[in-house]
Amino acid sequence: MAQRLTFDDGNDVFAKLSENEPFGIIEAEARSLEWLAEADAPVPRLWCSTDTLLVTDWLPPAEPTVDAAVELGRHLALMHRSGAEGYGAPWDGFIGALPLDNSPVDGRQGTEPDDWAEWFVLRRLEPYLKLSRDNGALDTTDAFRVGAAAGRIRLNASPPESIARLHGDLWPGNLHWSTDRCWLIDPAAHGGHRESDLAQLFLFGGAPHLDLIVTGYQEVWPLADGWRDRIPMHQLHLLLVHTALFGSGYRGQVMAAVDAIL
């Protein structure tokens, strides 16, 4: 449950109460918000949190604007460039209501940039492929093809770069357009490859003014050649999360991404 609360002095806050959700999900969001705020990312201010309650600034909604889109792109680039010590994060994560394994591969706390593909496959693809297979959203043939796409990612990953500080669940629904700017909400923050955040902005119809978001981003930290061709590879994680959570209705999008990778 989430709602706007107004105090006697007229100030508003946004309160999220965890009901029938996994233990630790509020803590994961709180730690994500704090970690992104350290990089001056456009996330709402965290006022307080408990095991079941999270309170942040109330941000009045508004229509997306050109200026806010360009500014968002610049802020995303700066957030990504602030970096992370390793892939994943030092807390147990969640993506929706599903666990998000933030641990490093082979117990290494500080992995090198060229290890990203192995970490991405093991921590961001395989767990949700298994869940999607177990719930019947993907059949044996589908799972085989996803596995083949994972093998292709291991061989042809995105160019090595410094580890980026990611929002981690940056589909367009987690952009909150307000009266002063566009804010990032509901993060599943971790260290990863910056193209993953940007690729998720293209999902489900794409974010408003997406080309201008990219323009603002490129002004601050230009993307490597061929980044648009790698969008399906980075989208595969969140698409598999959707088949794991919601079933076969997202199968077509998963397999379209797989076809593009292969």
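Quick notes
- Compared with the dominant principal axis of the Cα atoms in the chain, helix 231-246 is inclined by about 70°.
- Point-charge dipole on Cβ atoms (K/R +1, D/E -1) for the chain, about Cα centre, debye to 20: 720
- For the range 12-85: Kirkwood Rh in Å [reciprocal of mean 1/r, alpha carbons]: 13.9
- Across the chain, the relative contact order, built from alpha-carbon pairs under 8 Å that are at least six residues apart, equals 23 percent.
- Among 19-28, 253-262, the order from most to least packed when residues are scored by Cβ within 10 Å on average: 253-262, 19-28
- On Cα atoms only, tilt of 25-37 relative to the major axis of the chain in degrees: 80
- For the range 80-98 versus the range 165-195, the spacing of their alpha-carbon centroids is 12 Å.
- Carbon plus sulfur fraction of accessible area for the range 24-137, probe 1.4 Å, in percent: 50
- Dimensionless Rg ratio for the chain, taking C-alpha atoms and the 2.2 N^0.38 Å reference: 0.99
- Computed from the C-beta positions of Ala37 and Thr179, the FRET efficiency with R₀ = 25 Å rounds to 0.80.
- Alpha carbon convex hull of the range 1-147, volume per residue in cubic angstrom: 177
- Relative packing of 189-198, 236-245, which averages over residues the other C-beta atoms within 10 Å, highest first: 189-198, 236-245
- Convex hull volume per residue, computed on the Cα atoms of the range 113-233, equals 123 Å³.
- Summed residue charge, Cβ within 14 Å of Leu125's Cβ, Lys/Arg positive, Asp/Glu negative: +3
- Dipole of the chain, positive end: most advanced residue of Leu122, Asn102, Ala148 [Cβ charges, Cα centre]: Ala148
- The range 120-262, relative contact order [Cα under 8 Å, separation at least 6], %: 32
- The relative contact order of the range 1-99 comes to 27 percent, based on Cα pairs under 8 Å that sit 6 or more residues apart.
- Helix-derived mean residue ellipticity, 222 nm - over the chain, DSSP H n ≥ 4, -39500 (n - 2.57), to 500: -12000 deg cm²/dmol
The values are calculated or read from the model by the stated rules, or taken from the named source; none is laboratory data. Only a predicted model underlies this, so the values are computations on that prediction, with no experimental measurement involved. Counting neighbours? That spans all protein chains shown, and the Cβs are built from the backbone with ideal geometry, glycine included. SASA here: full protein model, heavy atoms, side chains in, ligands and nucleic acids out. Shrake-Rupley method; radii C 1.70, N 1.55, O 1.52, S 1.80 Å.
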